[in-house]
Every structure is written in C-alpha cells, then in structure tokens.
1. Need the full-extension length gain, Asn158 to Met53, defined as separation in residues times 0.36 nm minus the C-alpha distance. One decimal, nm.
2. Got a number for the accessible area of Val57? Probe 1.4 Å, square angstrom, nearest 10.
3. What area, in nm² and to one decimal, does the C-alpha convex hull of region 40-187 cast on average over all directions?
4. Ordering His188, His105, His177 by how much accessible area each has at a 1.4 Å probe, largest first, what is the list?
5. Could you put Phe13, Phe113 in order of accessible surface area, largest first, with the 1.4 Å probe and the full protein assembly present?
6. Quick one: order Val91, Val183, Val55 from most to least accessible surface, probe 1.4 Å.
Amino acid sequence: RFSVWILALVLLFLVTRRFTAGRFGVVAAALVAAVAVADQVPLRASREALRQMQVAVAGDEAFVAALENSLPPGAMLFMLPLVEFPEGRAVLGADEYEHLRPYLHARRLRFSFGADKGRARESWQIETASQPPAQMVADLERHGFAGILLDRRAYPRNAADFLADLAAAGRRVTLSHTAGDYVFVPLHPAAAPSLPGHTRVVGVAP
C-alpha cells in the first residue's frame, strides 16, 4: 500500500533535482502527468456506462440524505456483512470496498466499516456479527448503534432470511436504496451506551 507513495516521492525528487532545467523538464513532467491521468480516468468508458455510473451515484446520494434526515447527527451505523479493511474480500455479489459508498455522501453519520483489521480492539465486530440476529441487535443497541446498514447482494436469497430474523426480533427495514442493494434497519440505541468489550486475555479471569 505504501509503494504508490514511495513512487510519488521518488518521481517528485527526480523532477525537482534533475529535470527542472530546460525543455526536457517540461516534457518529462507532462509525460508523468499524462500517464497518471490515463491510469485513473476511464478514457474508454461508453456514454451508457457513464450514465449508469451517474445514476448509481445519485442513488447513493439520495439514500444517504434520507438516512441523515431520519437520524440524529453522529448516529452510528453497523454495516453488514462484516468486511475487513483494508484488503478485505468480495462477498457474493458485493465487492470488498462497497461499504465505502455511504462515506462519500455522509456528513453527519458514523460507520463501523473502516476499522483496521487484525487489531484485538476491533475483534468485537466479528463476535457481534457472528451472533444470532436477536442477540446481535441487543448488543448493538447496548453499544449505542442507531441502525444496521445491510448490503443485500452479499447474502443468499437477497438477505430475505436474515431480514426475516431481524423482523422477528422487532427490527424491520424502513429505508431502501433505489438500486435495491442497501437497506436500513433502525435500532433503539441505549441512552447510556457501553463500549464494546475487548478480547479476553488467556489465563486472566473475567
């Protein structure tokens, strides 16, 4: 992950130290810029592909706006399925970075996705997500979460079974993305939430 930054620093060093003089420096800088832009911009994207992308972004923006209108500032959302960050993995029809979509439009919400993987202090998410829905809801509410944001494409049968279990626990979908992928299930956060428990150390009594 650091190779990109290292390469950028090396290029900046070379440009400032060796290629600053004369026409060659301008050409070298323009070439580096052109390669960088070509690597990041979908130059060959069709008009239809761009139109679909615009529709998807507009749908994300509208969905997040509806969330923020229905929740108090600073509300916490638990994102399912649980995906590690960074360098997680795709889950059925959902890519490993799909959970970043709400971040791009939210201004007053907080999300569980994005915690660095492999750290003991974040293991509570794994433990919570692996519980039966009713127990998971109880734990999330105790920790102050205002809702569950679920990507249906990452579940068999479009998460019908999981959402039915949540409904049986008294928590039902109130908002859906226009594309039908993300749904929001509101919770009842505790007035005085408690922090998630840390991983228990072996040999130490609870």
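1. 35.6 nm
2. That residue has around 70 Å² of solvent-accessible surface.
3. Taking a quarter of the hull surface, the average projection is 9.6 nm².
4. His188, His105, His177
5. Largest accessible area first, the list is Phe13, Phe113.
6. Val55, Val91, Val183
The values are calculated or read from the model by the stated rules, or taken from the named source; none is laboratory data. For clarity, every value in this text was computed on a predicted model and none was experimentally measured. Protein only, heavy atoms only, side chains kept; ligands, DNA and RNA dropped before computing areas. Shrake-Rupley method; radii C 1.70, N 1.55, O 1.52, S 1.80 Å.
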